[in-house]
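Data block below; observations after.
The values are calculated or read from the model by the stated rules, or taken from the named source; none is laboratory data. Just so it is clear, the structure is predicted and the values come from calculations on it, not from any experiment. Neighbour counts are summed over all protein chains in view; Cβ atoms, including those assigned to glycine, are modelled from backbone coordinates with ideal geometry.
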Amino acid sequence: MLSGIRKAFAVPCFALPAPIARVGSRLPQWPHAVALTLGLNALVMKKLLPGDDLALLENRSFLIDVLDAGSRAAFTFRDGWFRPLFSIPDAPDLAFRANLSVFLQIAVRQEDPDTLFFNRALGIEGDTELGLIVKNMLDAVEWPKTCLAQVQARS
């Protein structure tokens, strides 16, 4: 079942043209953080993220930096919810940096984050232990079969 989804959503390796990053970096960055935290909180509400691991994220700051889009999303986890940060922290506890295609490949589970990291396509900076917790948490997400069936029906 998953192999069919991976084939339907094969994300090629690409980089957006440089002018996109120049324009993107001049735009307000907080809307990215708001959108990302809404998605993460939906996972929390559906109990798709392991609750024990979530407690380990308490009061930690995170940064997702989409290099070729010039987009950055900073957020934290506090009192059981992901919350956007409206300014980028100087030294987040954990930062992920990559081009858009790399993040898409991770999202559809086409590529393993470890492989992307060792191939230098994914940059991870900050607390190493926290990075492993986040990686293992995302790997543990079990998408409901109804979601998988809907994705297959569209392809």
Mind listing whichever residues of the stretch 68-86 are in contact (Cβ under 8 Å) with a residue 40 or more places away in the chain and either among the aromatic types (Phe, Trp, Tyr) or assigned to a loop (DSSP other than H, G, I, E, B) (or both)?
Gly70, Phe75, Trp81, Phe82, Leu85, Phe86
Scanning the stretch 88-111 for residues that are assigned to a loop (DSSP other than H, G, I, E, B), of a type outside the set (A, V, I, L, M, F, W, C) and touching a residue at least 40 places away in the same chain (Cβ under 8 Å), which turns out nearest to Val11 (Cα to Cα)?
Gln110
With the structure loaded, tell me whether Leu67 is at pLDDT 95 or above and not polar (S, T, N, Q) or whether it fails that test.
yes
Failed item in (1) farther than 24 Å from Pro17 by Cβ; (2) surrounded by fewer than 18 Cβ atoms within 10 Å (Cβ to Cβ), with Ile124 passing the rest:
(2)
Quick check on the stretch 33-44. Is at least one of its residues among the polar types (S, T, N, Q), within 14 Å of Leu67 (Cα to Cα) and modelled with pLDDT of 90 or more?
no
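Give the stretch 117-145 a look and list any residue that's in contact with a strand residue (DSSP E or B) (Cβ under 7 Å, 6 or more places away or on another chain) and either part of a loop (DSSP other than H, G, I, E, B) or under 18 Å from Pro12 (Cβ atoms) (or both), or say none.
Passing the criteria: Ala121, Leu122, Asp127.
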When restricted to Leu54, Leu94, Leu100, the only residue in contact with a helix residue (DSSP H, G or I) (Cβ under 6 Å, 6 or more places away or on another chain) and either surrounded by fewer than 19 Cβ atoms within 10 Å (Cβ to Cβ) or at pLDDT below 95 (or both) is Leu100
